[in-house]
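Undergrad: This is the structure I want to talk about, given as structure tokens.
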């Protein structure tokens, strides 16, 4: 959908019209469902939607967002947490975009805002691949799980594939907003490969990652991001996923998808020993040093675990160097230099939490027989 060229803030009823346009559906939402949600939101939640329209219009005028219509409809679309209402979604999105510009250095932010991927680390690719990278990029407006994507991206060599294209072996979707007054890096979803054709062999990826599973590596990188930005990590509780809502239980396909998501997230949070958080959320520890009992392992397993530990230490060191070049640490100036003028000062409460930095030297417990299918 193209953005508007008008110099006036559009009315929210114009936003309702955007929901009826052919390009609006997507992200698991049908045209009829989106139109119904837009009508309900416009009638019952006009005040927060007008505020969001003003915020999006300002961001679009400053070229921070490109698709005015799509960004406005983010607040209309169902969020992955099924307990999130329209007003809550507006608060979360405003908080996220207000933080976004303060989280990156100028050139890195320009790249993120333009839709390009920001490379966090260049990893050694598997044989026959040109590259394997950890990247950050903005999510599409239809994404229900978060506004930023952390991806593990690969591309085959041109010698092996005609016109090779990048593929995602792992994706973690997240946003930054406050929950119960605390600034959080909120993980809405973690997934593996979805493309039916552009796929890499799990064996290739496992060998390249020295036995690490992509989903677990994604969370470990998210822990590093959260420590750098002084955020608490909160993940979606599997039972709170929108696929478990009554309106998604009419079809067998949705029920099966909901069960798969539940099993995957439940295994992932169990692996990281996440604890119960606010309703619909779990709190993920910032440190995942389980102090493995290496003496109880066979020499072969100890050697594999040492290999995995070395790989993570190298990756973490690469990330920390790049973080200093690309990302802003929060400080008083960054807290007061807000992106939008629409934010309330009261919403800045809770920023003075101090999360300790991690110096863990042992990686997470990621044996090849780990719990569940974390892809």
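Nothing in this text is a laboratory measurement; each read-out follows from the coordinates by a stated rule. Not measured: the values here are computed from a predicted model. Ideal geometry is used to build each Cβ from the backbone, glycine not excepted, and the neighbour counts take in all protein chains shown.
Undergrad: If we sort 148-159, 19-30 on the protection proxy, mean other Cβ atoms within 10 Å, highest first, what's the order?
TA: Going from most to least packed, we get 148-159, 19-30.
Undergrad: With a/c under 1.5 counting as rounded, go ahead and sort segment 101-348 into rounded, prolate or oblate using the C-alpha gyration tensor (a ≥ b ≥ c being the square roots of the eigenvalues; past the cut-off, prolate if a/b is larger than b/c, else oblate).
TA: rounded
Undergrad: Mark the label point 7 Å from the Cα of residue 165 along Cα→Cβ and return the residues of segment 100-139 whose backbone N is within less than 13 Å of it.
TA: No residue passes the distance filter.
Undergrad: Additional query: Starting from the Cα-Cα distance between residue 14 and residue 246, subtract it from 0.36 nm times their residue separation and give me the gain in nm to one decimal.
TA: 80.6 nm
Undergrad: Kindly rank 76-85, 188-197 from highest to lowest mean number of other beta carbons found within 10 Å of each residue.
TA: The packing order, highest mean first, is 76-85, 188-197.
Undergrad: Continuing with the same structure: With an 8 Å cut-off on Cα pairs and a minimum separation of 6 or more residues, tell me the relative contact order of segment 12-77 in percent.
TA: This gives 37 percent for segment 12-77.
Undergrad: Continuing with the same structure: Can you bin segment 12-77 into rounded, prolate or oblate? Criterion: square roots of the alpha carbon gyration tensor eigenvalues sorted a ≥ b ≥ c, rounded for a/c under 1.5, prolate for a/b above b/c, oblate for the rest.
TA: Because a/c hits 1.5 or more and a/b fails to exceed b/c, segment 12-77 counts as oblate.
Undergrad: Once each part is reduced to its C-alpha centroid, what is the distance from segment 194-261 to segment 100-173 in angstrom?
TA: If you average the Cα positions of each part, the centres end up 16 Å apart.
Undergrad: Another question, if that's okay. Consider just the alpha-carbon atoms of segment 29-141 and return their Rg together with their Dmax, both in angstrom.
TA: 17.1, 56
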